[in-house]
Amino acid sequence: MFKLIEKEKLKYLVIPAFEESGMVRHCFTTRVGGVSKGVCSSLNTSVTNENTVENVRRNLELVCSAVGIDYTRLVFSDQTHRDNIRIVEEADIGKGITIASDIKDTDGLMTNIPGIPLITFYGDCVPLFFLDTKNKAVAVSHSGWRGTVLKIGAKTIMKMTEAYGTRPEDCLVGIGPSIEKNCFEVGPEVAGQFKESFDNWNEFIMPVGKGKYYIDLWKANKLMLMGQGIPEGNITVSGLCTMCNEDLFFSYRRDKGRTGSMSAIMELR
Ligand SMILES: [Zn+2]
């Protein structure tokens, strides 16, 4: 489970194992404690449905400051539901928040440099947090159903291994709040893509009749990461559904696209 932190008006979530490592500052944001109004009320962290960037900046400032992160150094993803992962370096600091960004078509960010906060954005998709406790490197990857079909989680680990010498057994992983199995009903086209991509699809896809299926994205990602050699005990699943918990989360599916976004934010200390 993730742990809910309440600090002044804010609520955000942390992964206990990541906290205990003492190696990172991180959070998954909720919708509680920000300045946005209407469908983005109140801690919206993305400009998608917001009229002004000012509210979004203020919200990021509020939550980053609670976690101990300098929000002006954030490095933004540019998510397209694909599997491109970027190695982030000093020259990227502030891209998307204080300087123009050349980071395009990127659903995963990784770095081994302390003090560079990475941020990815969520409405129902699965946030994946990675921490290599031996080689000291972090990554955050956006694994919605399309990203899961493309196995962005497995590709993140492989890229960490390539770039930093990461061994899967040294990695802690967090699978964050997102749409749960019983809320994620799909048709045969979506289920078909999973069946093509995964030999073990029947472990996380349940037919519910009339050509409909439930897909358990948490389990799909967990099994995929265990398949890469990450020990089950190193993986923390939040168990929180974005669609069911309206008081805590925005949900793209529940709110029919007129909604705000949560964020996964993490930096190495
Ligand atoms: Zn639900």
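When Lys195, Lys181 are screened for being at pLDDT 95 or above, among the basic types (Lys, Arg) and within 20 Å of the chain's Cα centre (by Cα), only Lys181 passes. Taken over segment 100-122, residues that are in contact with an Asp or Glu (Cβ under 8 Å, 6 or more places away or on another chain), within 14 Å of His81 (Cβ to Cβ) and not acidic (Asp, Glu) amount to 4.
Let's see how each residue does on (1) hydroxyl-bearing (Ser, Thr, Tyr); (2) in contact with a helix residue (DSSP H, G or I) (Cβ under 9 Å, 6 or more places away or on another chain); (3) assigned to a loop (DSSP other than H, G, I, E, B):
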site: Asn135; (1), (2), (3): no, yes, yes
site: Ala139; (1), (2), (3): no, yes, no
site: Thr148; (1), (2), (3): yes, yes, no
site: Gly153; (1), (2), (3): no, yes, no
site: Glu162; (1), (2), (3): no, no, no
site: Val173; (1), (2), (3): no, yes, no
site: Glu189; (1), (2), (3): no, no, no
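The condition (being buried (at least 19 other Cβ atoms within 10 Å of the Cβ) and within 16 Å of Arg253 (Cβ to Cβ)) is satisfied by just one residue among Gly144, Gly176, Gly153: Gly144.
Among what's in segment 51-107 and is part of a loop (DSSP other than H, G, I, E, B) and among the hydroxyl-bearing types (Ser, Thr, Tyr), pick the residue that is farthest from Tyr164 (Cα to Cα). By that ranking, first place goes to Thr52. Scanning segment 193-215 for any residue that is in contact with a Ser or Thr (Cβ under 9 Å, 6 or more places away or on another chain) and within 16 Å of the ligand (Cβ to nearest atom) turns up at least one such residue. Any residue at all in segment 109-121 that is crowded, with 21+ Cβ neighbours inside 10 Å, assigned to a helix (DSSP H, G or I) and in contact (Cβ under 8 Å) with a residue 12 or more places away in the chain? Taking every residue of segment 109-121 in turn, none turns out to be crowded, with 21+ Cβ neighbours inside 10 Å, assigned to a helix (DSSP H, G or I) and in contact (Cβ under 8 Å) with a residue 12 or more places away in the chain.
Of all residues in segment 1-48, those satisfying the criterion of being out of contact with any helix residue (DSSP H, G or I) (no Cβ under 8 Å at 6 or more places or on another chain) and surrounded by 22 or more Cβ atoms within 10 Å (Cβ to Cβ) are Leu13, Ile15, Phe18, Phe28, Thr30, Arg31. Here is the figure for segment 217-267: residues that are more than 12 Å from the ligand (Cβ to nearest atom), touching a Pro at 6+ places or on another chain (Cβ under 8 Å), assigned to a loop (DSSP other than H, G, I, E, B) and of a type in the set (A, V, I, L, M, F, W, C) total 1.
Quick check, is Asn182 within 16 Å of the ligand (Cβ to nearest atom) and outside any strand (DSSP E or B)?
Numbers: within 16 Å of the ligand (Cβ to nearest atom): yes; outside any strand (DSSP E or B): yes.
Yes; evaluated as a whole, the condition is true for this residue.
The values are calculated or read from the model by the stated rules, or taken from the named source; none is laboratory data. Note that this is a predicted model, so its numbers are computed, not measured. Using ideal geometry, Cβ is built from the backbone for each residue, glycine included, and neighbour counts are taken over all protein chains shown.
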